[in-house]
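The values are calculated or read from the model by the stated rules, or taken from the named source; none is laboratory data. All figures in this text were calculated on a predicted structure; none of them were measured in a lab. Note that we place each Cβ from the backbone using ideal geometry, even for glycine, and neighbour counts take in every protein chain shown. For the accessible areas, the whole protein counts, side chains as well, though only heavy atoms, and no ligand, DNA or RNA atoms are used. Shrake-Rupley method; radii C 1.70, N 1.55, O 1.52, S 1.80 Å.
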Amino acid sequence: MTEIGESRPDPTRVSLSGALRWAWTRWRTSAGVFAGATSLWAAGLVVTGVGVSWVISAIVQVAFNLMSIAPDESFDEGSTYWAVAGYAVYLAWMALLAVAASCWLRPTVAIAEGQRPELGDFFRPLAAGSVLLVALVFVVVYSVIDVIVASYLDAPWLATILEVIIVYLFAWAPLAAVDRPQPSAIAGLHEGAVLALARPGATFLTALVWAVSIALGAAAVLAGLLVTVPLATLTTIYLYRTFSGHPLIGTDDVTQP
């Protein structure tokens, strides 16, 4: 792959069309690799997630049986049994998604630096510990809000508002945690929150790109996700590096308005 010069796009002139053109150009050079990685990860997450969920639910039921607690006697959907099993499955899924994200971030960052990824790169985690720690902090904060505000204070509307704010502040954190000389979850949480507050338009724009990409991919009988998910990922790294002031390779082939 021919190396393209490094540059720092002007954040005051960035546009969604420019970001999509950059993402499309990068995607075309590795379309087959992206399609293969997306297919394998989708299948792997479904199979692993379902398997882990079943195992965890079985373990929780065995634990309740050993404690002589019958989950089917006077237990409804909000019972302790279902709460414990559901929360354990939720934690497992968050861990799986964090590992998947750390694997996808490696080739994404490499592309931003002018390299061409190989299929194996999508299965090699980049700073998995930092991404897992970001996910753990998110889960803890989100859960505290849910338990204290929604349940204890009986204010689900306030909990919903606070949870949306938390999701917003964490939006850039995984990428900010690993796309730096020394990966750091703490630095990523701080820089991600600062960027979200300083660039609300870019943050909402990125969320919109992901929402539209998933909708379009699903509308195309899910096969479209093989294209839309990589494009959304590349658009995200473009916007992040542009607004954070980090260098980006290949912006000379993107005409800014």
For region 124-205, what is the Kirkwood hydrodynamic radius in Å, using each pair of distinct C-alpha atoms?
13.3
What is the chain's relative contact order, in percent, from Cα pairs under 8 angstrom and six or more apart in sequence?
33
Tell me the Kirkwood radius of region 143-257: reciprocal of the mean inverse pair distance over distinct alpha-carbon atoms, in Å.
16.0
Using a/c under 1.5 as the rounded threshold, could you call region 15-62 rounded, prolate or oblate? The axes a ≥ b ≥ c are square roots of the C-alpha gyration tensor eigenvalues, and prolate needs a/b larger than b/c, oblate otherwise.
oblate
Keeping all protein chains in the complex and leaving out DNA, RNA and ligands, what accessible area do you get for Thr29 with a 1.4 Å probe, in Å² to the nearest 10?
50
Please work out how much length the chain gains when fully extended from Leu45 to Thr80, using 0.36 nm per residue of separation minus the C-alpha to C-alpha distance, in nm with one decimal.
9.9 nm
Residue separation times 0.36 nm, minus the C-alpha to C-alpha distance between Ile186 and Ile166: what's the value?
5.7 nm
When Rg and Dmax of the Cα atoms in Å is calculated directly from the model, which label among (1) 20.4, 68; (2) 20.5, 74; (3) 18.0, 58 fits?
(1)
Considering the chain as a Gaussian network with a 10 Å cut-off on Cα pairs, which listed residue, Ala95, Ala185, Ala155, attains the greatest mean-square fluctuation?
Ala155
Leaving out ligands, DNA and RNA, what percent of the accessible area of the chain is carbon and sulfur, probe 1.4 Å?
70
Hey, what do the phi angles of region 107-115 turn into as Karplus ³J(HN,Hα) couplings, whole Hz, using 6.51/-1.76/1.60 and θ = phi - 60°, x for Gly and Pro?
x, 5, 5, 4, 5, 4, 9, x, 9
Go ahead and run the numbers for FRET between Tyr152 and Glu113, Cβ-Cβ distance against an R0 of 41 Å, rounding to 0.05.
0.30
Rg and Dmax of region 82-142, using alpha carbons, in Å: what are they?
14.1, 48
Does region 172-215 classify as rounded, prolate or oblate by the C-alpha gyration tensor (a ≥ b ≥ c root eigenvalues; a/c under 1.5 gives rounded; else a/b over b/c gives prolate, otherwise oblate)?
oblate
Probe of 1.4 angstrom, ligands and nucleic acids ignored: what's the accessible area per residue over region 123-250, in square angstrom?
48
